[in-house]
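What follows is a single structure, written as C-alpha cells, with notes after it.
The values are calculated or read from the model by the stated rules, or taken from the named source; none is laboratory data. Keep in mind that this is a model prediction, so the values were computed, not measured. Every residue, glycine among them, receives a Cβ derived from its backbone with ideal geometry; neighbour counts consider all protein chains shown.
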Amino acid sequence: MTTVTLAETVARAEFNGEGTFYRWFFHRHGSKIDIRLVSASELPDDTGTTIWASRQPVDALAEAVVRAFDSAVAEHGEDGYRSQRGRAFPRAELEALKAAWRAAQAAAPEGWQHG
C-alpha cells in the first residue's frame, strides 16, 4: 500500500485464510487505484476467482487503510492484535504508510485530497 501511495504502479498483498489464499492486487493509474481481491485455494498467482474489485482515489484508499489499522490497535492494543492475528502489529509499516500518505497529500495538486 505504501509503494502505490508514493506512485509505484503495481503492488500486491497476500493472506492465508485457512486453506484459502486472499490476494490483493493494486494497479495505480494516476490518482486512482484499481483494486482486485482474489480468492484461491492454490498457487500460482494467476489462479483464483475475483471476489471484489473497485477503483478508488489513492488518497481515499490510503486513508481507509490507516484508519482501519488505527481502529484495530485502539480497540485491541498491540498485544491484543498479536493474540488475535498470531503476529505482531505492523507498526513500522503503518507509520511508513502514514508518512507516504502525508507526503503524497503535500505534493498533490489542489483538489486531489479525498478527506
Could you please tell me which pairs satisfy a Cβ distance under 7 Å, a separation of 6+ or placement on different chains, a first residue in segment 90-115 that is within 15 Å of Val4 (Cβ to Cβ) and modelled with pLDDT under 85, and a second residue that is small (Gly, Ala, Ser) and assigned to a loop (DSSP other than H, G, I, E, B)? Trp112/Ser31
Note on segment 76-89: residues without any contact (Cβ under 8 Å) to a residue 12 or more places away in the chain and part of a helix (DSSP H, G or I) are His76, Gly77, Asp79, Gly80, Tyr81, Arg82, Ser83, Gln84, Arg85
Within segment 49-78, tally of residues that are over 26 Å from Ile33 (Cβ atoms) and either surrounded by 11 or more Cβ atoms within 10 Å (Cβ to Cβ) or in contact with an Asp or Glu (Cβ under 9 Å, 6 or more places away or on another chain) (or both): 3
For Glu8, which of the numbered conditions (1) on the phi > 0 side of the Ramachandran plot; (2) not in a helix (DSSP H, G or I) fails to hold? (1)
Which one is farthest from Ala104 (Cα to Cα) among residues in segment 1-29 that are of a type in the set (A, V, I, L, M) and surrounded by 15 or more Cβ atoms within 10 Å (Cβ to Cβ)? Ala11
Among the strands (runs of 3 or more DSSP E) confined wholly to segment 15-75, which include 2 or more residues that are over 29 Å from Ala99 (Cα atoms) and of a type in the set (Ser, Thr, Tyr)? 49-57
